[in-house]
Structure formats: C-alpha cells, structure tokens
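Taking it in order: structure first as structure tokens, then the write-up.
Nothing in this text is a laboratory measurement; each read-out follows from the coordinates by a stated rule. Not measured: the values here are computed from a predicted model. Cβ sites come from the backbone with ideal geometry, for glycine too, and all protein chains shown count toward neighbours.
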Amino acid sequence: MSTIPITLLTGFLGSGKTTLVNALLADRRMRDTAVIVNEFGSVSVDHDLIRRGSEQYILNSSGCLCCAASSDIRASLYELHEDRRQGEIPAFRRVIIETTGLADPAPIVNSLIPGGAPAIALRDHVVARAFRLSRVVAAFDVQNGEETLGDHFECWKQLAFADQIVLTKTDLASAAGWHHRLGEINPTASVIDGNAAGFDPVALIGASTYSAGDKPEDVLGWLAMENLAEPLAEHPVHHPNRHGPAIEAMPLYHDEPLDPAAVDAFLEVLTSQPHTGLLRLKGLFALADDPSRPLVAHAVQHRLYPTHRLDYWPSMDVRSRVMVIGDNMPLKPIRELFQSLRPRTARRRAVGA
C-alpha cells in the first residue's frame, strides 16, 4: 500500500494559514483530505473557522506540537489512521497539517522523515509505514514581515524549511523586495504571491517526498540537533498555554451575549496600546444584537483587521471565546478588561450575589 502524502503548512502567527486551508478545502480537487489543526492555547478558534465538506475530516490538536513533544504529531496521525481503518471517518488520500504560528518546524519535520526521531512505540512504526512528509509550505505576512523577522527566530526557521513560501496580505501591503529577501533566507524555495492572478492553492499540495538535503545548510544542523535531544519520556509535560518563558496564550470566555460597542472598545484598547506585548488575537463573540451570528475578530501585533459576522455558529458551543497570545503580556488587566464586558444585568447579579 502506498503511503499517504502530508503537506505541512507553517507560518508565523497571523500569516494567513487558516485562510489558505479554507481556500484549499473549497476546491473539489481537495475532497478526500484530512486536516490536522494544531492551535497554540487551550481555546479552539482556528478549528471552528475551517470550512469543511462531507468528504473531509478535521482533527484538532491543542498546544504547540514542537514544545509538547515531536511524537504528538505521530499520535495525531495514528488516530487518523485508526479511525480510517475502522471506518469511523471518511477515507482520505492526503493530509494537511496546519501548525501553530509559534511552531519550530525542526522537531515536527524530524518526526516525519526517514532517519529522524526514532520510533519508541508500535504506533510510530504504523505511522512511518502509512504516511510520508511530502512538502513544507510557509505562509509569510508581508504587512508585518519586517517586525516578525526582526523579533521571532521561529519565522526564520519556518521559511528555511519550506519548499514553497506564499506571500500573504499583498492586497494590503507591497510585495516589492520580498522575493529577493526571502530568496536570501531560502534560495531553494519557490516564492509565490497568494493574491496574484491565477494563484492556485491546490498546486501547493505535494505528492513527492520531502528532502532536507537541498535546503539551507542550517536545516540539516537543526535536524541533527533534534536527534541529540533527550528521549521523549524525559520531557516534562508541556503547558498548552505557554511557549518558552515569555510567550503565553490567555483563553477568555463569556457565557452571555455581549454589547457590540463594548466589544469594539475592548478590541480597540487591546490593539492600540504599545506595551501589551500582543502577538495575536483571534476570537468569536456572541453579540447581544444578534447572538445567532457570531462576530469574528482578528488582530496581528497592533493591527486589528476588519471584523465580520458569520451566518451561524460553527459548533454547538455558542460562548464568546478569545485566544490572546502575547510576549510578556500584562495578563491581569487584560483579563479584567474582558470580564468587564459582561452585560449590565450580569454585573448586577454579580454585585448582589
């Protein structure tokens, strides 16, 4: 039996990975596709915003794969394999893995290529026989590119491992100079404008076998370092809302519909303050004027993008839920500001309790 190809979709926070996944899944050529969505933090938002068809299957994985342990991706692939074998999900011909924007691709790639991370369980052997890494695609946000490259080494590594780099948000900022700049980081990658006429997202999906040998020389060094790491059993349990000592994801919830003006004010305050350390905000808000149509909000660093309403809730969970990711964020004031969004009736009940 031939192995099932995997396309690894990476890119820093807010680079447009979920938008790319949705464009792919909207194409009939991408039926029979399974998608693994790895979200940093304990609140699932990306998973809810992916539009799927009846012949597609989405598996959500919380917490940063590269931090938790490289074999977490093997566990997800094994789950897909077993569900498919037992007929619990539709058969699929390809897998797309959308990583969290903070993911270091090295441990993930190392766990999927021959000669990489050693198999430590029967599950790992099953995955190695059933799947192969075909291609690494990196989304790159030209609007925030300079700041991201300057502050976050993860972005450099994501680009270095890529076979193809998709420039995103070129409708909002110029792509001039980026082909050359990214070519210096990874001269072997194809650099593609995701907003250019004739752009075909399906062409990003690979059918061959990924090769690290033709990538920048640092890639082989990073993979070699992964093989020198401690065995999986010696890794501590990773907190799903932390990435290193400074970057943290803060989940926020509200059970009752919120005032639209108060939500607008919350988003404006959070994205306009220069010292919040905000890297990414993504959320679904239930608004009092029409609770059946959730508001979708996105922010990258200090740039708030236009909000929009969905026609319906993507799941049975109709709570407002937001994931805020930041570097040394003032967690307490942000949490208190969000809690202050409660409708007046709820606040009165809390005071009288």
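Structure notes:
- A cut-off of 5 Å between modelled amide H atoms, ignoring neighbours fewer than 5 places along the same chain, links Ile58 with Val35.
- Whole-number D in µm²/s for region 246-352 (Stokes-Einstein; Kirkwood sum over Cα pairs; 4 °C, 1.567 mPa s): 92 µm²/s
- Length gained when the stretch Leu228-His180 is fully extended (0.36 nm per residue, less Cα-Cα span): 13.9 nm
- Placing unit charges on the Cβ atoms only, positive for Lys and Arg and negative for Asp and Glu, gives region 246-352 a dipole magnitude near 220 debye about its Cα centre.
- Of Met316, Met225, the sequence from fewest to most neighbouring Cβ atoms within 10 angstrom is Met316, Met225.
- Across every pair of non-identical alpha carbons in region 110-217, the mean reciprocal distance, once inverted, gives a Kirkwood radius of 15.4 Å.
- Sequence of Val126, Val136 once ranked by neighbouring C-beta atoms within 10 Å, starting from the fewest: Val126, Val136
- When Phe153, Phe199, Phe285, Phe92 are arranged by Cβ crowding within 10 Å, least crowded first, meaning fewest neighbours, the order is Phe153, Phe199, Phe92, Phe285.
- For region 129-137, 3J(HN,Hα) per residue [Karplus equation, 6.51 cos²θ - 1.76 cosθ + 1.60, θ = phi - 60°, Hz, x = Gly/Pro]: 7, 9, 10, 9, 6, 9, 7, 10, 10
- In this structure, Gln86 and Arg29 have a Cβ-Cβ separation that, at R0 = 30 Å, corresponds to a calculated FRET efficiency of about 0.65.
- Nearest-0.05 FRET efficiency for Lys332 and Glu147, computed from C-beta distance (R0 25 Å): 0.45
- Extending 7 Å from Cα along the Cβ direction at Leu220 and again at Asn22 yields two label points whose distance is 4.1 nm.
- Under 5 Å, built H, 5+ apart or other chain: amide partners of Ile192: Ile165, Val166, Leu167
- Near the amide H of Met329, within less than 5 Å, lie the amide hydrogens of Glu248, all on another chain or at least 5 residues away, with H placed in the peptide plane.
- Burial order of peptide ranges 155-164, 174-183, 2-11, 298-307 (average beta-carbon count within 10 Å, highest first): 155-164, 2-11, 298-307, 174-183
- Stretchable slack from Arg309 to Leu172, in nm (0.36 nm times residue separation minus alpha-carbon distance): 47.2 nm
- Here's the list of lysines a cross-link from Lys157 could span, going by alpha-carbon distance under 28 Å and ignoring same-chain residues fewer than 8 apart: Lys17, Lys169, Lys215, Lys282.
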